[in-house]
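To start, the structure itself, in C-alpha cells.
Just so it is clear, none of the values below were taken in a lab; they were calculated from the coordinates. Keep in mind that this is a model prediction, so the values were computed, not measured.
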Amino acid sequence: MLNLKSPIGTNYRVDPNDLMDTKRVLNRLGYYDVPPERGIDDWTDDAMFDGIKRFQKDNGLKVDGFMRPEGPAERTMNAQVAAAQDGDDWEYAGDVDKNNSRDVITNGPAKVEIHNPGPSWNGLEYKVDWYGLDKDGKVIPEYRRPDHDQRNPSQGGIILKPRTEKVFEPPFENPNGYSFRVTYPPQGEYSPFEGSPHIKVYRTKKR
C-alpha cells in the first residue's frame with residue numbers, strides 16, 4: 001500500500017522510499033516491469049512514469065505522470081491493491097470465451113483475470129461496462145452513459161501484456177448494485193500454453 005510522503009513527478013525531488021513503494025505497487029498492478037539487472041531501486045526511470053500514466057489512463061484519471069500524497073492516483077492504486085490482496089472478498093462468477101460476453105451482478109468492485117494469455121500483435125483485449133440496477137434487480141437504462149464504458153478508446157480494449165489480473169471499481173454510486181458486463185471480441189492472439197486464452201470474472205461477495 002502506498003503512503004506517499006511527497007509528490008512524485010519528473011520535476012520533483014522524490015523521497016527514495018516513495019520511489020521504491022510506487023514501483024512495487026505499479027508492478028503488483030501490472031504497470032511496471034522490474035529490471036532484472038537492478039531490481040526495485042530508488043532511482044527514477046521512464047518506465048515508472050510511463051506506468052503511472054498508463055494506470056491513470058486506464059482508470060479515467062488525469063494523465064500527467066504526477067502523483068501526490070492522498071491524491072487520486074494514490075487512492076485508486078491503494079483501492080486496487082487492497083481488493084486484489086483479499087481473496088476472501090471475491091466470488092467466482094464465470095468464464096468468458098472469445099466472441100462472447102458475460103453479465104455479472106455485483107454490489108461492488110469486479111475482478112477480471114486472463115488465463116492462458118499469449119503474445120500477439122495487439123495483446124489480449126476485452127471491454128467492460130457498468131449498468132445500475134433498480135430495487136428489483138433490473139437494469140436502469142438511464143444509468144448507462146458513454147463515460148461508464150471503461151475501455152481504452154484509443155486501443156479498443158484493456159490490453160493485458162503480460163499482466164493477467166485487473167480490479168475494476170464501479171464508476172458511479174448505486175445502492176441497488178450493478179450489472180458488470182465483460183465482452184471478449186474476436187481478435188488474433190495466440191498462446192504458447194495448453195488451452196485457449198479465456199477470461200475469468202469474479203464479483204464482490206455479499207456481506
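Quick notes
- Lysines with Cα under 29 Å of LYS135, excluding same-chain neighbours fewer than 8 positions away: LYS111, LYS127, LYS166, LYS200, LYS205, LYS206
- Under 23 Å between alpha carbons - lysine pairs in the stretch 12-109 that sit 8 or more apart or on different chains: 4
- Overall form of the stretch 1-83 per C-alpha gyration tensor (a/c, 1.5; a/b vs b/c): rounded
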